[in-house]
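Participant: So that we are looking at the same thing, I have put the structure below in structure tokens.
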Amino acid sequence: MKKPALEVWLENGLFASRWLMAPFYVGLVVALAALLVVFFQELAHELPRLLAMTPEDAILLALSLIDLSLAANLLVIVILSGYENFVSKIEVANQEDKPEWMGTVDFSGLKMKLIASIVAISAIALLKAFLTLTEPEAPLDQARLMWLVIVHLSFVVSGVLLAAMDWLNSKVAKH
């Protein structure tokens with residue numbers, strides 16, 4: 001039985017509406033460029049002090065740069081896998097340096113990568129806060145530390161629950 005023309009037109013329009021997501025991914029590329037600028041600003045700010053750094057200062061610099069790198073990795077994963085999952089396939093199959101995960105990360109995998117990155121970023125923020133406790137002039141802000149721990153544990157618990165839901169979903173017969 002042939003579908004009515006109005007239904008075909010509506011379904012084609014709904015399918016084409018996925019392209020409205022493309023500007024979001026372009027905006028995320030701009031955010032990635034902003035992170036790159038901040039990364040080099042942070043590095044340039046610390047370079048003059050490089051030879052006078054204490055081990056704690058060097059660790060804090062490394063953690064700050066790792067934090068920015070993880071956020072940038074997160075953006076790349078969201079941009080590429082989100083675009084591929086919701087807009088269109090990216091045809092770079094002949095490229096040798098194509099990441100292994102491209103084209104294989106589904107929505108569930110994307111969720112897991114997102115929460116893992118968020119947990120890692122949160123852990124770095126928490127570690128940086130604890131490292132500043134070694135500085136004698138730094139006041140102890142117990143409330144801030146408590147909230148950092150609570151937020152981090154919330155992310156960890158959320159990640160575990162998301163993983164458990166995905167695991168349970170994989171055990172259920174598909175409809």
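Participant: Could you list, ordered by first residue, the pairs with Cβ atoms under 9 Å in which the first is in region 96-112 and at pLDDT 70 or above and the second is part of a loop (DSSP other than H, G, I, E, B) and aromatic (Phe, Trp, Tyr), at least 6 apart or interchain?
Facilitator: 109/101
Participant: Given (1) under 30 Å from residue 61 (Cβ atoms); (2) modelled with pLDDT of 90 or more; (3) surrounded by 10 or more Cβ atoms within 10 Å (Cβ to Cβ), identify the lone condition not met by residue 49.
Facilitator: Only one criterion in (1) under 30 Å from residue 61 (Cβ atoms); (2) modelled with pLDDT of 90 or more; (3) surrounded by 10 or more Cβ atoms within 10 Å (Cβ to Cβ) is unmet by residue 49, namely (2).
Participant: Moving on to the next point. Starting from region 62-75, keep only residues that are farther than 13 Å from residue 115 by Cα, then list their pairs with residues that are surrounded by fewer than 16 Cβ atoms within 10 Å (Cβ to Cβ) and among the β-branched types (Val, Ile, Thr) whose Cβ atoms are within a distance under 8 Å, requiring at least 6 positions of separation or different chains.
Facilitator: Pairs found: 68/38.
Participant: For residue 20, which of the numbered conditions (1) modelled with pLDDT of 85 or more; (2) closer than 30 Å to residue 137 by Cα fails to hold?
Facilitator: (2)
Participant: Taking region 76-99 as the search range and keeping residues that are closer than 19 Å to residue 113 by Cα and of a type in the set (S, T, N, Q), which one is surrounded by the most Cβ atoms within 10 Å (Cβ to Cβ)?
Facilitator: For region 76-99, the residue satisfying everything is 81.
Participant: If you go through region 41-54 one residue at a time, do you hit one that is touching a residue at least 40 places away in the same chain (Cβ under 8 Å) and of a type outside the set (Lys, Arg)?
Facilitator: Within region 41-54, not a single residue is touching a residue at least 40 places away in the same chain (Cβ under 8 Å) and of a type outside the set (Lys, Arg).
Participant: Now, a different point. Only one of 66, 118, 79 is assigned to a helix (DSSP H, G or I), more than 26 Å from residue 169 (Cα to Cα), among the aliphatic types (A, V, I, L, M) and at pLDDT 80 or above. Can you tell me which? Walk me through it before giving the result.
Facilitator: On the way: 118 fails: more than 26 Å from residue 169 (Cα to Cα); 79 fails: more than 26 Å from residue 169 (Cα to Cα).
Going through 66, 118, 79 in turn, just one is assigned to a helix (DSSP H, G or I), more than 26 Å from residue 169 (Cα to Cα), among the aliphatic types (A, V, I, L, M) and at pLDDT 80 or above: 66.
The values are calculated or read from the model by the stated rules, or taken from the named source; none is laboratory data. Since this is a predicted model, take the numbers as computed values, not measurements. Note: ideal-geometry Cβ built from the backbone for every residue, glycine included; neighbour counts use all protein chains shown.
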